[in-house]
Amino acid sequence: MKWKKLSRKLIHETPWMKIFEDQTLNPAGEPTTYTFIEAQSGAYVIAVQKNKNGEHEICLVQQSRYTNGTDAWELPGGGAEQAEDYKETGAREAYEEARLRVSDLVELSGKTYSMNGISSHSNHYFITRNIVVEPFVPDPTEGITDRQFFTIKQITQMMQDERITDALTIAGLARAFAYLGHINTG
């Protein structure tokens, strides 16, 4: 048996998310209350270039995060606007956050759910090598303070050192590493 929704109540709403409380029957048929977040889905861009040594480099932005008090390195990305497809979202966010003009976006393996147990929020990841890098402009309204390109080796170290901790970024990087051939899949 699967979960069965009996009723739904809206608990809280913002422009970015809604919190619902559902009365349900769980897979065992027992009544339970399930509280979850419905958030707008979004897109992230993995912008790749090769450095002078021929190594892949990926663009990350440093963003101040209120919820955990960190300045995190993340992939540029964000929520889709009304009637916008995910490729458009990715291109818009890459420009807004990192001042990258991107094209020829290739979707990596469809959507990813960021918090399966508590949210319906999903993300789409796009990779491109076709980028135009414009001068970076910090965005204080979003807390974006820096943009840099890092090699795969540097990014791997940054994950180990907890300079990259955002699960959405880590998921996107894992897909990019596999796509670029930096993960041994066999």
Could you tell me whether VAL132 is modelled with pLDDT of 90 or more, β-branched (Val, Ile, Thr) and surrounded by fewer than 14 Cβ atoms within 10 Å (Cβ to Cβ)?
-> yes
Take the range 136-160 and flag every residue that is assigned to a loop (DSSP other than H, G, I, E, B) and either under 17 Å from the mean Cα position of the chain (by Cα) or at pLDDT below 95 (or both).
-> VAL137, PRO138, PRO140, THR141, GLU142, GLY143
Please determine, by comparing only the residues of the range 100-129 that are closer than 19 Å to LYS18 by Cβ and not in a strand (DSSP E or B), which one is modelled with the lowest pLDDT.
-> SER114
Going through the range 46-71 one residue at a time, which ones are over 23 Å from TYR179 (Cβ atoms) and part of a strand (DSSP E or B)?
-> GLN62, GLN63, SER64, ARG65, THR70, ASP71
Cβ-Cβ below 9 Å, separation at least six or inter-chain, first residue in the range 142-153 and closer than 23 Å to THR67 by Cα and in the same structural domain as ALA174 (by TED's automatic domain parsing), second basic (Lys, Arg) and assigned to a strand (DSSP E or B): which pairs?
-> GLY143/ARG65
Would it be correct to say that GLU134 is of a type in the set (Asp, Glu) and more than 19 Å from ALA80 (Cβ to Cβ)?
-> yes
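The values are calculated or read from the model by the stated rules, or taken from the named source; none is laboratory data. Computed from a predicted model, the values in this text were never measured in an experiment. Cβ coordinates were reconstructed from backbone atoms using ideal geometry, including for glycine residues, and neighbour counts include every protein chain displayed.
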